[in-house]
Amino acid sequence: MSPTQPTSPPASTAFPPTDGAARVRMDVAPWRLSGVVVAAQINHRPQLAALAEAARRAPYKALPGAPVLAVQSRNTLALDGDEVPAGADGLDVGATLGIVIGRVACRVSAADALAHVAGYLVANDLSAPIPGDTPHYRPGARFKLRDRSCPLGAEVVPAAAVADPDALAVRVWIDGALAQATDTAERLRGVAQLIADVSEFMTLNPGDVLLLGISQGAPRALPGQTVSIEIDGVGRLTNRLVHDDPSTGSAA
C-alpha cells in the first residue's frame with residue numbers, strides 16, 4: 001500500500017480468491033490503499049473501564065453509545081520498515097488488527113459483515129503521550145495525527161485464512177524485548193459488529209481499512225527504539241522511531 005501514490009481500483013475489481021494460501025501484497029497496484037483508514041477508539045473493555053470516570057465528566061457526561069472513531073489522514077500513513085518521527089517523550093504503541101474491506105459495505109448486518117472483508121493486516125495506531133495523569137476520553141488531533149504515526153503492514157492475509165479474527169494473539173516487541181502480550185478479544189464490538197455499526201452511517205468501500213482498536217496498557221517506545229508487532233496468523237510489522245526535529249519539520 002502506498003500512501004503517496006494511491007490507486008483506486010475500478011469498481012469491477014475484486015480481491016484475489018481467498019484460498020488461504022497466498023498473501024496479497026498491498027504496496028503494488030492494484031491493491032494499493034485506495035480509500036480511508038478509520039480507527040476504532042476505546043473498543044477494548046478494560047480500556048473503557050479505565051476511562052469510565054473521565055467519560056462521565058463534562059463535556060461528555062456519559063459512556064459512548066456509538067463507535068468512537070478517528071480517521072487517519074494521509075500524513076499518518078507509513079509502511080513496514082519506515083522510520084517514524086517521535087518527540088523526546090516517545091510514542092504509545094497501538095498494536096491493532098487492520099480489517100481490509102473487499103466489497104462495498106453499506107448498512108450491512110453483523111451476520112453478513114465478514115463477507116465484505118478481503119483480509120487482515122497488522123497495524124500500529126501510534127499516539128503521542130498526553131501530558132498529565134488524567135485519562136482523556138477523546139485525545140486531540142495533535143496527539144493522534146502525527147506524521148507516519150499509523151504504519152500498516154504491506155501484506156494482507158486473505159479472510160478465509162483467519163478462522164476467528166476476534167481470537168488472535170497480539171504481541172509487541174520493543175528492541176527485541178516483549179513489551180505487551182494481548183489479543184483481539186474483549187472488544188466492545190468485534191470485527192463483524194464493528195463493520196455493521198460503522199457501515200450504518202458510513203459506506204465502506206474496497207480498499208478501505210478499519211482498525212479494530214488497541215488494547216489497554218499500550219507500551220511506550222522512545223526515539224532510537226525499534227517496535228515490532230506480531231499478530232498470530234496475520235504477520236509482523238516493524239518500524240524504528242527516530243528523533244523529530246521541530247525546527248525543520250523533519251525527522252533526524
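The values are calculated or read from the model by the stated rules, or taken from the named source; none is laboratory data. These figures come from a predicted structure and were not determined experimentally. Positions of Cβ are generated from backbone atoms using ideal geometry, with glycine treated the same way; all protein chains shown enter the neighbour counts. Surface accessibility is based on the protein's heavy atoms, side chains included, excluding ligands, DNA and RNA. Shrake-Rupley method; radii C 1.70, N 1.55, O 1.52, S 1.80 Å.
Restricted to strands (runs of 3 or more DSSP E) entirely inside segment 45-160, those with at least 2 residues that are of a type in the set (A, V, I, L, M, F, W, C), open to solvent by 50 Å² or more (accessible area, probe 1.4 Å) and at pLDDT 80 or above are 68-72. Restricting segment 170-181 to residues that are open to solvent by 30 Å² or more (accessible area, probe 1.4 Å) and assigned to a strand (DSSP E or B) leaves a set whose member that is nearest to Asp232 (Cα to Cα) is Arg171. Within segment 20-32, is even one residue modelled with pLDDT of 70 or more, outside any loop (DSSP other than H, G, I, E, B) and either open to solvent by 50 Å² or more (accessible area, probe 1.4 Å) or not β-branched (Val, Ile, Thr) (or both)? No: segment 20-32 contains no residue that is modelled with pLDDT of 70 or more, outside any loop (DSSP other than H, G, I, E, B) and either open to solvent by 50 Å² or more (accessible area, probe 1.4 Å) or not β-branched (Val, Ile, Thr) (or both).
With respect to Arg236, determine if the residue is assigned to a strand (DSSP E or B), closer than 24 Å to His44 by Cβ and open to solvent by 40 Å² or more (accessible area, probe 1.4 Å). Considered against the rule, which asks whether it is assigned to a strand (DSSP E or B), closer than 24 Å to His44 by Cβ and open to solvent by 40 Å² or more (accessible area, probe 1.4 Å), Arg236 comes out as yes.
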